[in-house]
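Reviewing the structure listed below.
Derivation of every value follows stated rules applied to the coordinates shown; laboratory data play no part. In this text the structure is predicted, and so the values were computed from the model without any measurement. Using ideal geometry, Cβ is built from the backbone for each residue, glycine included, and neighbour counts are taken over all protein chains shown.
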Amino acid sequence: MNVADSARLADELEALGYGPTSQPEEADVVVLNTCVVRQSAEDRAVGRLTSLKPLKERRPRMVLAVMGCLVGVRPADNLPQRFSHVDIFLPPSDPEPLIALLRQREQEPRSRIQEAGGGGLRSRRGPVAFQDMQNVSPEAAAMGLIPTERVLQPASCILPPVTAYVPVIYGCNHVCAYCIVPYRRGRERSRPLEKIVSEVQALAIQGVREVTLLGQIVDRYGYDRRNDGSALSPDLADLLRAVHDADGLWRVRFLTSHPSYISDRILDAIAELPKVCEHIEVAVQAGDDDVLRRMRRGYGVADYRALVERIRLRLPGCSIATDIIVGFPGETAAQFQATVDLLADLRLDTVHVAAYSPRSGTLAARKMVDDVPAEEKKRRLKVVDELQEQIVGQINRRLLGQTVEVLVEGKHKGKWRGRTRTTKLVFFQDDADWRGRLAAVRITWAGPWSTQGEVMADASP
Ligand code: SAM
Ligand code: SF4
């Protein structure tokens, strides 16, 4: 969601005439986009913000903005005191206050700006430095999970992205016991279907080939609009069908799903619409009913097992990704073992695992004791990671000798890099320019985190 928010802000700044730079030292505007889902993410954001203070003091006319979950939908009163060197705080997904500030500065006579700021604005069309302070590893960045080309290249080199994120529903109503997201991103707000469809069509015209529709619980798209007494508003299945018609678009994805809301209508849409990829991200969080109940997730282990069965029956070959939290308050060794057993049994394609991190204000932080020691959380993380490495290694080895369809996103260390419909990472070498093309690739090597192959044909429509 932060990557999508950054991309939208970048578009609006580019429309004002700004271009990107990777160097905050040469930027006229610096925006720090923040995530606080875990304490480590918040610490990184605050550390980066503090390290920008000397730069702001040297260059007072530089605009320093903080965006995202550190700010939240109802910014805390003490933020300006805590970070007095910051010019403006932007709630998640809302770049408007910064755009208004920059427009207002453009109206100011240049001589006044120079008097007031000392250094003065170098150029109205100056560069912007961007930083996504998220929980994303360097490996994830290297795999293309962060659109680095967007933020690191000089303006003249920007190519239209091959893939793009499109938020369809903001906020979350669920209030899981451990999660800070609803407090910072507010209640659910679905965007109108027509707006999403025209945005996707515009992206496809620019050359975007794959869009990922985003929501904290994306399958609840449209639910908030049903409560206003109006006729049934479109749901995610309707949205997938509407977006599917965009000319020039080759692939559609969506995330994140919640086990309680994946309807048969959604599964039917995935099965029937050729552009919609067979991949579902649906977090289970834990493999024990008591832990799930205390997490306030709203389903049990048997429900999750039944869901996986339903997905696999309706969509054979569909890949499934999940999230796990280890070391939730009160999680016993036996309860953790139940999670391990569930994962060993279900053999999912991807597991994002995190150690429980108490977030101030959440139910878990207020009412439960963070009683699993840090060392034990680390051990549990390792157990899940090692199990999953084995499982994914075996799943990926089944691809050996098969020809898969890869949407090529760019080059990495001299090799073309792209993903299959089921999000498997594929590298191959070839002299032709494959960026933004669909390649038919025969897999010749398969490891747990990536595969390699040789290109057989251009499969682009
Ligand atoms: N809405 C999605 C769902 O319900 O599955 C997930 C979105 S949440 C922002 C992303 C992931 O961060 C969660 O699935 C959870 O595993 C992890 N997470 C959230 N709060 C956490 C916390 N306090 N400590 C550790 N991990 C956390
Ligand atoms: Fe957080 Fe739960 Fe909402 Fe997901 S569903 S964003 S975990 S509160």
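Computed values, structure above
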{"read-out": "Dipole of the chain [Lys/Arg +1, Asp/Glu -1 at C-beta], most positive-end residue of L16, I196, P182", "value": "L16"}
{"read-out": "Spatial separation of Cα centroids for the range 408-443 and the range 245-284, in angstrom", "value": "23 Å"}
{"read-out": "Part-to-part distance (alpha-carbon centres) for the range 13-48 and the range 182-242, which is given in Å", "value": "27 Å"}
{"read-out": "Cα-based Lys proximity count in the chain, under 22 Å, for pairs eight or more positions apart or on separate chains", "value": "6"}
{"read-out": "Relative contact order %, the chain, counting alpha carbon pairs below 8 Å whose residues are six or more apart", "value": "11 percent"}
{"read-out": "Antiparallel bridge percentage (DSSP; both residues within the chain; nearest 5)", "value": "35 percent"}
{"read-out": "Descending semi-axes in Å of the range 319-375, equivalent ellipsoid built from Cα gyration tensor", "value": "24, 14, 8"}
{"read-out": "Size of charge dipole - the range 45-84 - debye, nearest 20, with Cβ of Lys, Arg +1 and Asp, Glu -1, no other charges", "value": "200 debye"}
{"read-out": "L90 long-range amide H proximity, modeled H, under 5 Å", "value": "V66, M67, G68"}
{"read-out": "Net dipole in debye of the range 260-371 [+1 Lys, Arg Cβ; -1 Asp, Glu Cβ; about Cα centre; nearest 20]", "value": "360 debye"}
{"read-out": "Dipole moment magnitude, nearest 20 debye, the chain about Cα centre, only Lys, Arg, Asp, Glu C-beta charged", "value": "720 debye"}
